[in-house]
Amino acid sequence: MAWWTRAVNAFRGERVNRLLDEEFESHIAEAIADGRDPHEARRAFGSMLRQREASREARVTGWLEGMRADVVFGWRQLRRNRVTSVAAVLSLALAIGSCVSAFRLIDALLLRPLPVSHPERLMALSREGLSWEGKPSTFDGWAYPAFQRMREAARGSAELIALSYTNRSDLTFASDAEMEKGSVQYVSGAMFEGFGLSPSLGRFFTAEEDRVPKAHPYAVLSYDFWTKRFARDPKVIGRTFRLEDEIFEVVGVGPKGFAGMEPGTATEIFLPTMMNPWSIRRDVTWHRTLAVMVPGAEVEPMRARLDAVSRGFEAERAKNFKGLSQQSIDNYLNQHLVLNSARAGVSGLQTDYRGALTWLGVLVFLVLLIACANVANLMTALASARAREMALRVSLGAGRARLVQMVLVESAMLASMAAAVGALLAWRFAPIVVEMISNADNPVRLDLPADWRVFGFGAGLLVAVMLLFGLMPALRASAVKPMSALKGGEDPHARRRLTHWMIAAQVAFCFLVVFTAGLFVTTFQRLSALPLGYRPDGVLVLEMVAPHGQPPEAWDEVASGLRSVPGVTGVATSGWPLMNGSAWNDAIAVNGGPPNVELGYFLSVSPKWFETMGMALRSGRDLRDSDVLPGAVVVNETFVKDFFHGLDPVGRSFDKTGDDGVQNHMDVVGVVADAPYRNLREGILPVAFLPFRRRDAKGVVERPNGGTFVVRTAAKNPRTMEQELRKKAAGTRAGFRVTNVRTQQELVDGQMVRERLLAMLGVFFAAVALLLAGIGLYGVLNYSVIQRRREIGIRVAVGARGGAIAGLVLRDVLAMVAVGLIAGVGLGLAAARSIETLFYQVKASDPVALAIPSGVILAAVAFATVPAVARALRIQPVEILRAE
Amino acid sequence: MKKIDSMQGSLNLLVLKLLSRRPGLHGYSIMTAIKESSGEVLQAEEGSLYPALHRMEESGWIRAKWVVKESGRRARTYELTLVGKKQLAVEESRWEMVSSAINRVLLEA
């Protein structure tokens with residue numbers, strides 16, 4: 001009989017039985033026809049049932065039928081303990097769902113290879129060493145002329161490709177009036193070929209078209225952008241758009257699924273590197289460099305060659321550095337070139353979130369372990385309640401493997417149900433996290449497909465989880481000795497010991513989760529509580545471009561226009577808004593002395609900017625309309641401390657030397673309060689505020705082509721005024737365009753996205769961990785009281801007091817909680833050291849940081865133990881003894 | 001739970017041999033045929049015959065079909081398959097070997 005017939009037979013037991021019985025009946029009928037006595041014939045045939053069993057074994061795949069029976073039996077068991085089963089399924093589902101979500105995020109951002117032909121051959125170039133100011137630094141930006149030299153040096157080993165950082169830029173497809181944003185990336189023409197891509201439509205620009213600056217204004221659209229913006233219109237080829245001062249022509253559409261090299265950012269428009277105005281600048285590092293290795297080429301010799309070329313280029317450039325301390329220059333020149341695999345792409349999001357996501361993954365995994373320990377304890381408890389049943393099965397001849405299978409089938413059912421619910425959670429959870437780290441200006445786009453990678457991870461997790469919580473109880477249950485079990489149980493402590501160690505482990509993991517969550521929350525609080533030095537509420541910032549430059553008077557005119565809008569209480573102009581990530585730094589020399597190692601930071605602002613921002617003037621005066629750069633400056637308190645040794649600087653001066661060697665003499669006219677400049681974390685930098693109005697080296701007043709209006713409004717939510725202000729800013733005078741409107745508060749909040757995410761998820765998982773550990777502890781204690789009812793009853797009968805009974809119930813468990821806490825503290829301290837970079841002004845060894853999670857866990861323990869103790873105290877000896 | 005029937009090896013041989021000579025026997029007639037042709041010495045019990053039949057069926061040595069006999073009764077009859085014929089040859093030669101070996105031992109002792 002074919003195996004599948006037998007397999008099918010396993011699910012049609014009744015039919016098989018009927019056929020067998022029919023054959024047996026015909027046998028007896030034949031015997032009677034043969035002349036035998038009907039009664040005798042039947043007796044001789046023996047038990048029909050036994051015959052049937054013996055024959056069935058041959059007809060039905062034994063294990064499969066056994067499995068089916070186990071599933072039916074397991075389902076009955078799970079239904080009988082409905083509450084515990086549901087609790088087990090839900091807690092496992094939460095843990096599995098979180099694990100899969102974490103995996104989806106980590107995979108999408110850090111692991112998944114790029115959709116190019118040979119991702120394993122991609123390397124990313126960066127420089128490591130010390131920054132100008134002597135701090136450890138890694139930097140992956142390059143200047144194009146340096147890239148050109150390296151490309152030559154790498155020939156034969158690799159094709160080097162330049163890729164600018166993807167930027168949300170303003171473009172116009174139709175008329176200038178309708179601006180839209182697109183993610184633009186300048187890339188080497190060789191990229192498409194190097195990555196083995198082929199166009200969906202039209203063609204790519206080539207390496208040849210990427211040699212002469214400004215010669216080939218071609219653009220390639222991403223497949224997604226083509227779909228979203230043009231509904232896959234084939235006539236898009238040949239269309240033109242304007243980006244800044246340039247008109248580009250669309251020549252092709254990229255392949256489906258390719259959206260650049262930066263996980264987290266979807267590039268929509270690819271332009272030739274030679275179209276970037278900085279491609280001829282030696283002093284602007286504006287692109288990343290990737291190497292596509294030639295098969296078989298050695299990495300190290302090439303790295304050494306590139307390192308030499310890069311250093312040579314920088315050394316040549318450094319000859320023109322003026323006004324920088326020798327130390328700074330040495331720091332800079334001693335950086336060395338490194339090559340890292342770029343299999344999964346390169347992006348700022350990866351750098352920002354690698355540590356955070358990895359640690360979240362660890363937290364989630366710990367929660368999973370807690371859930372598994374819980375379910376294992378539950379199963380052990382159930383299994384020992386079934387010790388008699390198991391003993392009976394063993395006595396009847398059931399093999400050990402058969403019993404293990406039986407219990408494992410039950411675990412598998414629990415785990416599968418949990419996985420199904422978990423999959424639903426994971427499906428929703430990962431996109432929510434992506435939304436949390438995303439914002440309007442910088443939308444995070446992560447592909448989160450439910451493909452074989454995710455499925456494989458989920459399936460592997462399911463099996464691991466099942467074995468983790470199922471195997472041990474299964475082995476223990478099946479190891480039952482029939483004699484002792486039927487007599488009323490073996491040494492009860494042996495069974496409980498394992499359960500207790502699991503409690504210790506749960507407490508330790510729980511502590512670790514709660515502890516790090518606490519550190520994340522504290523980090524977030526510290527960052528949010530940092531003094532800003534100004535009032536961000538009610539401030540709206542309008543980032544503007546003026547394509548061919550506009551005279552300062554025109555900027556003032558637009559500012560006046562904005563000031564006339566009802567509800568506006570102040571308007572000022574600056575180069576860019578505080579904390580949008582931009583920075584400008586140069587060397588400082590005081591009193592004609594040598595240049596400082598520490599650099600000074602700069603921002604150009606108009607008069608009344610401090611007042612508009614709500615930044616307090618400490619001494620001296622504000623800038624005036626008559627002030628022009630170079631000339632008067634206002635500095636912050638840190639600047640005074642760092643460069644003037646805390647002496648009142650008003651009336652003193654310093655020299656600022658730019659990268660281009662241009663030296664400016666500055667007179668300090670005022671001091672303002674400290675405020676974070678580029679971001680919150682790096683602490684307060686020494687900042688000098690220069691006049692927005694400036695003269696070039698020849699003394700001609702410059703026409704800025706970009707700037708920011710800072711608008712203070714009386715509105716509670718300044719966003720409500722956005723449309724009106726936009727219209728006013730663009731309409732007051734021709735030549736101005738609004739590129740971006742944000743509230744200052746959004747810029748501040750944007751600084752803490754990662755910290756807020758970690759704090760929120762940390763608290764969430766801490767709550768889950770606490771809940772799970774609490775439920776687990778409750779279950780174990782409650783069960784042990786039920787199990788020891790007789791013992792407790794007898795003790796009460798012989799006069800034990802309440803305290804003694806409670807002690808009896810709690811002693812072991814509390815010892816285990818203590819062991820768990822100590823282990824948790826050790827783990828926590830070790831872990832905190834390895835994730836220090838995620839913290840801000842938080843010390844893991846701070847007694848408070850350790851005491852709070854301990855307290856929280858002890859409170860949870862107290863909650864979880866009360867019902868069991870109460871139950872123990874209510875035990876009436878008379879009832880127990882009567883029941884016996 | 002599986003009981004190894006000590007007679008099993010020879011029972012298989014007998015059943016296969018019988019079916020090779022007279023295909024289309026049903027369970028009861030196999031039983032009586034063994035009894036008769038052995039001169040009432042060998043007796044197959046129902047308790048081991050049917051499991052043996054079903055096991056051989058599972059192994060693909062014999063195949064079964066339901067037939068309606070002249071008397072009008074339905075019966076499940078068995079016949080040898082190609083695999084069964086080969087198996088019969090194997091078992092026969094094994095039996096020859098074993099029995100001649102036992103004979104030699106008896107003669108020498």
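The values are calculated or read from the model by the stated rules, or taken from the named source; none is laboratory data. This is a predicted model, so every value here is computed, not measured. Backbone-built Cβ (ideal geometry, glycine too); neighbour counts: all protein chains shown. Surface accessibility is based on the protein's heavy atoms, side chains included, excluding ligands, DNA and RNA. Shrake-Rupley method; radii C 1.70, N 1.55, O 1.52, S 1.80 Å.
The table that follows gives values for the structure above.
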quantity: Residue list for segment B:53-83, restricted to those being of a type in the set (A, V, I, L, M, F, W, C), facing chain A (nearest Cβ under 9 Å) and closer than 24 Å to residue B:10 by Cα; calculated: B:53, B:56, B:64
quantity: Pairs where the first residue, in segment A:858-877, is open to solvent by less than 30 Å² (accessible area, probe 1.4 Å) and the second is of a type in the set (S, T, N, Q) and not in a loop (DSSP other than H, G, I, E, B), C-beta under 8 Å, 6+ apart; calculated: A:868/A:782; A:868/A:784
quantity: Residue B:107 away from chain A (no Cβ under 14 Å), in contact with a helix residue (DSSP H, G or I) (Cβ under 6 Å, 6 or more places away or on another chain) and either in a helix (DSSP H, G or I) or among the polar types (S, T, N, Q) (or both); calculated: no
quantity: Top-ranked residue of segment A:660-683 - restricted to ones that are within 23 Å of residue A:577 (Cβ to Cβ) and of a type in the set (Asp, Glu), ranked as modelled with the lowest pLDDT; calculated: A:682
quantity: Strands (runs of 3 or more DSSP E) enclosed by segment A:663-722 - at least 2 residues per element that are open to solvent by 60 Å² or more (accessible area, probe 1.4 Å) and either at positive phi or out of contact with any helix residue (DSSP H, G or I) (no Cβ under 7 Å at 6 or more places or on another chain) (or both); calculated: A:663-672
quantity: Residue satisfying all of: in segment A:66-125; open to solvent by less than 10 Å² (accessible area, probe 1.4 Å) and among the acidic types (Asp, Glu); farthest from the chain's Cα centre (by Cα) among these; calculated: A:70
quantity: Close pairs (7 angstrom Cβ cut-off, 6 or more residues apart or separate chains): facing chain B (nearest Cβ under 10 Å) and within 25 Å of residue B:70 (Cβ to Cβ) in segment A:14-43, of a type in the set (Val, Ile, Thr) and open to solvent by 40 Å² or more (accessible area, probe 1.4 Å) anywhere; calculated: A:41/A:32
quantity: Top-ranked residue in segment A:336-357 [being open to solvent by 70 Å² or more (accessible area, probe 1.4 Å) and part of a helix (DSSP H, G or I); ranked as modelled with the highest pLDDT]; calculated: A:354
quantity: Subset of segment A:126-140 (residues that are under 24 Å from the mean Cα position of the chain (by Cα) and not hydrophobic (A, V, I, L, M, F, W, C)); calculated: A:126, A:137, A:138, A:140
quantity: Scope segment A:577-636; condition β-branched (Val, Ile, Thr) and either farther than 17 Å from residue A:654 by Cβ or assigned to a loop (DSSP other than H, G, I, E, B) (or both); matching residues; calculated: A:597, A:605, A:612, A:628
quantity: Scan of segment B:19-38 for residues that are away from chain A (no Cβ under 12 Å), under 20 Å from residue B:67 (Cα atoms) and open to solvent by 20 Å² or more (accessible area, probe 1.4 Å), ordered by number; calculated: B:20, B:21, B:22, B:23, B:24
quantity: Residue A:140 vs. criteria within 30 Å of residue A:585 (Cα to Cα) and touching a residue at least 24 places away in the same chain (Cβ under 8 Å); calculated: yes
quantity: Index of the failed condition, residue A:296 passing every other in (1) assigned to a helix (DSSP H, G or I); (2) without any contact (Cβ under 8 Å) to a residue 40 or more places away in the chain; calculated: (1)
quantity: Complete set of residues in segment A:256-284 that are over 30 Å from residue A:662 (Cα atoms), polar (S, T, N, Q) and open to solvent by less than 30 Å² (accessible area, probe 1.4 Å); calculated: A:267
quantity: Members of segment A:462-518 found to be modelled with pLDDT under 70, among the small types (Gly, Ala, Ser) and assigned to a helix (DSSP H, G or I), listed by number; calculated: A:477, A:478, A:484, A:485, A:494
quantity: Residue within segment B:41-48 that is in a helix (DSSP H, G or I), within 12 Å of chain A (Cβ to nearest Cβ), hydroxyl-bearing (Ser, Thr, Tyr) and open to solvent by less than 50 Å² (accessible area, probe 1.4 Å) present; calculated: yes
quantity: Hits in segment A:624-659 - residues which are surrounded by fewer than 22 Cβ atoms within 10 Å (Cβ to Cβ), at pLDDT 90 or above and of a type in the set (S, T, N, Q); calculated: A:638
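Residues checked against (1) without any contact (Cβ under 8 Å) to a residue 12 or more places away in the chain; (2) touching a strand residue (DSSP E or B) at 6+ places or on another chain (Cβ under 9 Å); (3) under 25 Å from residue A:130 (Cα atoms):
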residue: A:586; (1), (2), (3): no, yes, yes
residue: A:589; (1), (2), (3): no, yes, yes
residue: A:632; (1), (2), (3): no, yes, no
residue: A:654; (1), (2), (3): no, yes, no
residue: A:672; (1), (2), (3): no, yes, no
residue: A:679; (1), (2), (3): no, no, yes
